[in-house]
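Student: Have a look at this one.
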Amino acid sequence: MNNGNRNILTTEALEIGYEGRGRHTRVARDLNLSLERGELIGLLGPNGSGKSTLIKTLAGMHRPLAGEVWLEQQELASLSPKQVARKVSSVLTERIRIGNLTVYELIAFGRSPYTGLLGHLRDRDREKIAWAIDAAGLAEFTSRDVLKLSDGERQKVMIARALAQDTPVILLDEPTAHLDLPNRVEIVRLLRGLAHDTGKAILMSTHELDLALKASDRVWLMDRETHLHAGTPEDLVLVGTFEQLFIRESFDFDLETGTFRVHMLQNGKITITGNKVAVYWTTRALEREGYRVEEKADGADIEASNSNGDYQWIIGGEINLHSVEELVDYIRNRWQADEIDKVTG
C-alpha cells in the first residue's frame, strides 16, 4: 500500500458501523479517505451520522465492517495495540472522573506505550511530557488535582496527554464539548497550531460549524445516508453540500456568511443602509424579529451610523434612536402602525 509522502492515514472502501446479535448496522460505507501530515481536518455531520464511530474505527477501537485502514503503509488490523498506540492517540468525549491525580501524572500516562509495565519514566519520556505541557500552556497547572480544574483546562490536559504520547496522528471526538465560547476558540486554535507547527495529522469531530469552517484545512462532512463528502470548507460550501445537508424548514445555511439562519415568522421587508458594523448587527436583530432585511444605498427605511462608538439609527429620515433595543422596541410597537397610516392616509 502506497500512502504517498504526505498521507499518513488512509482508508480503502472502508465500511463502518456496529456488530451485534448476529447483524451489522452500517453507518457509512465506501470511505476512501486520506489524512495528511501537518493538517487539521474537521469532521462534521448531524447527530447519528457516525462521526464517533469513524474516529473509533480509525483508532482501532472498532473493527471495520469492511475495507481497510492504513497507517504509515501498514494495515491497522495487522498492528498490535501497543504498535497502534505509538501511531495514534485519541481524545474521546468521556469526562475525567479519577481523583487524586495531578495534571502532570495524567499527562505522563501518555508515555505508557513506551515505558513498559512498571511505567518508569526515562529522560526522553520527561522531555516529551515537558514539551506537551508547554505546547498546551499548562505549566502553571502541573501540580493541581485534575478534578479541581475547569472543563476547558481538563480538555487541554487530555490534549497534552495525547501530545506526550507523541504519535503522528491525533484523533479527537468533540474536543470542544461542554466548553464556553472562549475555551472552544482556544482549543481549536491550539489544535490548528499544533498540526501546522509539528507536522502531526489531526482529525477533530465537532458540532462547531463556524469554527470548523474557519480553522480546518479540509472538512470531512458525513450525512445520514452513509456517505462522506471531503474537501476544503470553501469548496463544500460553494458546491452546495453544506446547504443540502443542513437544510430544514426552521433554518437554512447562509452561503454568504457561512452561518445558519433561523426562519422566523415573516413580518415583511425592511431596507437599511449605513455603517457596515451597525448594519450587520441591526440586520441580525431585525431578522430575529421576523423581517427580511435588504441593504439599499438610497432611500432606505433605516440609516445606521457610528461616530466614535456612538451608534445611531434614523428611521424615515426623522426618528432618531440610540440603541438596537430602542430600534426593536420601535419596530414592534410603531412600525406596523406607521406603515398602515401611509397606506390609509
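The values are calculated or read from the model by the stated rules, or taken from the named source; none is laboratory data. Remember, predicted model here, so these are calculated numbers, not experimental data. Counting neighbours? That spans all protein chains shown, and the Cβs are built from the backbone with ideal geometry, glycine included. Ligands, DNA and RNA are stripped out before the accessible areas are found, and what is left, the full protein with its side chains, is counted by its heavy atoms. Shrake-Rupley method; radii C 1.70, N 1.55, O 1.52, S 1.80 Å.
Student: Out of everything in the range 153-187 that is aliphatic (A, V, I, L, M) and in contact with a strand residue (DSSP E or B) (Cβ under 7 Å, 6 or more places away or on another chain), what residue ends up being nearest to Glu127 (Cα to Cα)?
Tutor: Within the range 153-187, the match that is nearest to Glu127 (Cα to Cα) is Ala162.
Residue by residue, here is whether (1) closer than 27 Å to Leu79 by Cα; (2) part of a loop (DSSP other than H, G, I, E, B); (3) touching a Phe, Trp or Tyr at 6+ places or on another chain (Cβ under 9 Å) holds:
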residue	(1), (2), (3)
Tyr114	yes, no, no
Gly119	yes, yes, yes
Arg154	no, no, no
Ala160	yes, no, no
Thr176	no, yes, no
Gly193	no, no, no
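Student: Would you confirm, using the coordinates I've provided, whether Asp173 is closer than 18 Å to Leu138 by Cβ and of a type in the set (D, E, K, R)?
Tutor: Details: closer than 18 Å to Leu138 by Cβ: no; of a type in the set (D, E, K, R): yes.
In short, no.
Student: Filter the range 115-171 down to the residues that are among the aliphatic types (A, V, I, L, M), surrounded by fewer than 19 Cβ atoms within 10 Å (Cβ to Cβ) and within 17 Å of Asn183 (Cα to Cα) and list them by number.
Tutor: Ala135, Leu149
Student: Kindly list the number of the only condition in (1) surrounded by 13 or more Cβ atoms within 10 Å (Cβ to Cβ); (2) out of contact with any helix residue (DSSP H, G or I) (no Cβ under 7 Å at 6 or more places or on another chain); (3) within 22 Å of Asn267 (Cα to Cα) that fails for Val293.
Tutor: Every listed condition holds for Val293 apart from (2).
Student: Scan the range 231-282 for residues that are at pLDDT below 85, assigned to a loop (DSSP other than H, G, I, E, B) and farther than 22 Å from Ala212 by Cα and jot them down.
Tutor: Glu249, Ser250, His263, Met264, Leu265, Gln266, Asn267 - these are the residues of the range 231-282 that are at pLDDT below 85, assigned to a loop (DSSP other than H, G, I, E, B) and farther than 22 Å from Ala212 by Cα.
Student: Scanning the range 195-230 for residues that are open to solvent by 30 Å² or more (accessible area, probe 1.4 Å) and in a strand (DSSP E or B), which turns out modelled with the highest pLDDT?
Tutor: Arg218
Student: Which ones in the range 315-329 are under 13 Å from Ile270 (Cα atoms) and at pLDDT 85 or above?
Tutor: If the condition is that a residue be under 13 Å from Ile270 (Cα atoms) and at pLDDT 85 or above, then Ile315, Leu327, Val328 are the ones that fit.
Student: For Glu94, are the conditions met, namely being under 30 Å from Asn32 (Cα atoms) and part of a loop (DSSP other than H, G, I, E, B)? Before you say what the answer is, go through the steps one by one.
Tutor: Details: under 30 Å from Asn32 (Cα atoms): yes; part of a loop (DSSP other than H, G, I, E, B): yes.
In short, yes.
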